[in-house]
Amino acid sequence: GESVGLHLPTLSVQEGDNSIINCAYSNSASDYFIWYKQESGKGPQFIIDIRSNMDKRQGQRVTVLLNKTVKHLSLQIAATQPGDSAVYFCAEKSSASKIIFGSGTRLSIRP
Amino acid sequence: EAGVAQSPRYKIIEKRQSVAFWCNPISGHATLYWYQQILGQGPKLLIQFQNNGVVDDSQLPKDRFSAERLKGVDSTLKIQPAKLEDSAVYLCASSLEGGLYEQYFGPGTRLTVT
């Protein structure tokens, strides 16, 4: 299949372990943050979002943490599975602006 | 519910040629986006439509790129003439409205300019 990005940072995780993917954002005015998953040959898929009035939000097997002081976002995936292999992008948005995607991280799963 | 459809999936052209991409958004979605994703990077917004009007085209290279959404449903993105640096995946996305509504992406069209 196609590769979304050949020179992305890579995180290698043992199947069943937890994964933590980090992201630094740039705009202090951003008040909405999204994590996307992009599998090879596909468009990005929404995973979870968080607004700036929160510092943590949980979904199914995923948790997003937001630290506005240091402009840092993280995505935690519990009990990582082979189907979690993909490139993960964080994105930021302010109410008056477009979504801006960060650079991605490739997550690979070791059996 | 059918997703966002795009065609073609792949296109190879020579520089200075023209190319067009087509997108059919999710039924009922008023907002349509075209993104360019260069290998190794996140998607970059080229143009955003609300129904058939342009909301944001600030990053669209207007000397060679054009897009339209004539009836507020399907959209086409055209490049004329193409340059080598236009090689990328072109993604279409749609959402119910603009703002903070979730965007749903199509599979993209991979363009290679030789």
At the level of C-alpha centres, the distance separating the range A:92-108 and the range A:19-57, in angstrom, is 6 Å
Heavy-atom accessible area of B:Arg110, protein chains in place, probe 1.4 angstrom, given in Å² to nearest 10, is 60 Å²
Heavy-atom accessible area of B:Leu32, protein chains in place, probe 1.4 angstrom, given in Å² to nearest 10, is 0 Å²
Excluding residues fewer than 8 positions from A:Lys71 in its own chain, the lysines with Cα under 22 Å of it are A:Lys37, A:Lys56, A:Lys93, A:Lys98, B:Lys44
Taking a crude spin-label model, label points 7 Å out from Cα along the C-beta direction, the B:Glu68 to A:Thr10 distance in nm is 4.5 nm
Highest GNM mean-square fluctuation among B:Ala88, B:Ala20, B:Ala67, for chain B with Cα springs under 10 Å, belongs to B:Ala20
Residues hit by the 40 Å² burial cutoff in the range A:28-44, accessible area with a 1.4 Å probe, assembly against chain on its own, are A:Tyr32, A:Pro44
Regression test value, accessible area per residue of the range A:10-110, probe 1.4 Å, units Å², expected 48 Å²
With bins of 10 Å, the percent of all Cα-Cα pairs of the range B:13-99 per bin from 0 is 18, 52, 26, 4
For A:Arg61, B:Arg69, the accessible-area ranking with a 1.4 Å probe, largest leading, is A:Arg61, B:Arg69
The alpha-carbon center of the range B:1-58 and that of the range B:76-112 are separated, in whole Å, by 3 Å
Calc'd 3J(HN,Hα), the range B:41-51, phi into Karplus 6.51 cos²θ - 1.76 cosθ + 1.60 (θ = phi - 60°), Hz, glycine/Pro = x, comes to 10, x, x, 10, 5, 9, 7, 10, 10, 10, 6
In the protein assembly as shown the DSSP beta bridges are antiparallel at a rate, in percent to nearest 5, of 90 percent
As a percent rounded to 5, the proportion of antiparallel DSSP bridges among beta bridges in chain B is 90 percent
Of the accessible area of the range A:10-110, computed with a 1.4 Å probe and all protein chains kept, carbon and sulfur make up a percent value of 45 percent
With bins of 5 Å, the percent of all Cα-Cα pairs of the protein assembly as shown per bin from 0 is 1, 7, 14, 18, 18, 17, 12, 7, 4, 1, 0
When all Cα-Cα pair distances of the range A:10-110 are considered, the percent exceeding 24 Å is 18 percent
Interface buried area B-A, accessible surface with 1.4 Å probe, both sides summed, nearest 100 Å², comes to 1700 Å²
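The values are calculated or read from the model by the stated rules, or taken from the named source; none is laboratory data. Just so you know, these numbers come straight off a predicted model, no measurement behind them. Ideal geometry is used to build each Cβ from the backbone, glycine not excepted, and the neighbour counts take in all protein chains shown. Accessible surface areas use protein heavy atoms only, side chains included; no ligands, DNA or RNA. Shrake-Rupley method; radii C 1.70, N 1.55, O 1.52, S 1.80 Å.
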